[in-house]
Amino acid sequence: MNLYFLGTGAGMPSKRRNVTSIVLRLLEERGTLWMFDCGEGTQHQILHSPVRLSRLEKVFITHLHGDHLYGLPGLLTSRAHTGGETPVTVYGPLGIEQYIKTVLELSQGRLTYELKIVEIQEGTIFQDEQFTVEALKLEHRIDSYGYRITEADRHGRLNAEALKERGIRPGPVYGTLKEGNDVVLPDGTTLFAADFLADPIKGKVVAILGDTRVCAHAEMLAQQADVLVHEATFSHELQELAYKYGHSTAVEAAETAKRANAKQLIVTHISSRYDDGHGDPLLKEAQEIFPDVQMAKDFLDYPIV
């Protein structure tokens, strides 16, 4: 599992940063990609990345401002021309269905795969045996959501040596036990999975927030997260401006991470006013409060370990 940042800027693209788009690569876990926001130019960024649109499974839109979704119609139609055949589900606030369907209809966009659109409310918006995704509203000028992605705990390592000592050779029995299921042998002996599995491996938790001021829901989504992705549009000296426009400073992002006991903070959605200095002042401000912080840049590939 890893995060790949396609765009890390705020408002408008700049020479150093495209507008927001993040990919959660789940290649080992399920062979797919999940995208969070899709600002204008995202498919151009993909051309310079290892991201393959044919593997796209889900798109989560945080809110309906243009720098977070203007690239979505083009990306969906381009996927139809790059071997994408499996279904794609788009999740987003009320209005996302009208936006997508209107653009596709007026532009006569044709998709070769099934597109599902889910207009979300707060709570659990997706769950299967591998992952749960929860959404809560944040505080912005329009409805903006944050997402908490929780991986299910995995079974611990199988003690193959203990099985070999029992005279059981590698085969289907190993696979059944590794999945946590007991096995009854032909002679009637029961092998209990718990006797041959190490302690469960705790699943990872990733919180990816849309544009937001400081708020309780941001902290709730980030609680004990392995990685928190939080906007840091402005430096602390522009705190009043940040609040006025529904954004956060780097200091406020760090304070949220600290209160939530997150393990790692990645700040993104950086104003173009910091292009010349590469955002160093923002990073330093955040590190004074929360040392385990990294500033995202376009094409950053971050493993979640």
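The values are calculated or read from the model by the stated rules, or taken from the named source; none is laboratory data. Owing to the predicted nature of the structure, the values given are computational and were not obtained by experimental measurement. A quick note on method: Cβ atoms are made from the backbone with ideal geometry, for glycine too, and the neighbour counts reach across all protein chains shown.
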Taking segment 267-297 only, how many residues are touching a Gly at 6+ places or on another chain (Cβ under 8 Å) and surrounded by fewer than 19 Cβ atoms within 10 Å (Cβ to Cβ)?
1
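Please determine, by comparing only the residues of segment 171-180 that are exposed (fewer than 12 other Cβ atoms within 10 Å of the Cβ) and within 25 Å of ASP153 (Cβ to Cβ), which one is nearest to the chain's Cα centre (by Cα).
Residue satisfying both the conditions and the ranking: GLU179.
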Suppose we filter ASP211, ASP153 for residues that are within 30 Å of THR249 (Cα to Cα), among the acidic types (Asp, Glu) and in contact (Cβ under 8 Å) with a residue 40 or more places away in the chain; which single one remains?
ASP211
Count of residues meeting criterion [crowded, with 18+ Cβ neighbours inside 10 Å and touching a Lys or Arg at 6+ places or on another chain (Cβ under 6 Å)] in segment 201-216:
1
So GLY11 ticks every box in (1) at pLDDT below 95; (2) crowded, with 17+ Cβ neighbours inside 10 Å; (3) touching a Leu at 6+ places or on another chain (Cβ under 6 Å) but one. Which box is left unticked?
(3)
May I ask you to verify whether VAL133 is part of a helix (DSSP H, G or I) and either closer than 30 Å to GLU119 by Cα or over 31 Å from the mean Cα position of the chain (by Cα) (or both)?
no
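Any residue at all in segment 114-129 that is in contact (Cβ under 8 Å) with a residue 40 or more places away in the chain, closer than 19 Å to VAL23 by Cβ and under 20 Å from the mean Cα position of the chain (by Cα)? Can you show your working first?
Taking segment 114-129 and keeping what is in contact (Cβ under 8 Å) with a residue 40 or more places away in the chain, we get 126.
Next, only the ones that are closer than 19 Å to VAL23 by Cβ stay: 126.
Then drop every residue that is not under 20 Å from the mean Cα position of the chain (by Cα), which leaves 126.
The answer is yes, given that some residue of segment 114-129 is in contact (Cβ under 8 Å) with a residue 40 or more places away in the chain, closer than 19 Å to VAL23 by Cβ and under 20 Å from the mean Cα position of the chain (by Cα).
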Residues that are out of contact with any Lys or Arg (no Cβ under 8 Å at 6 or more places or on another chain) and of a type in the set (D, E, K, R): list the strands (runs of 3 or more DSSP E) wholly contained in segment 1-92 that include at least 1 such residues.
21-26, 56-60
Scan (1) over 16 Å from the mean Cα position of the chain (by Cα); (2) free of Cβ contacts under 8 Å to residues at least 24 places away in the same chain; (3) outside any helix (DSSP H, G or I) for the single condition GLU139 breaks and write down its number.
(2)
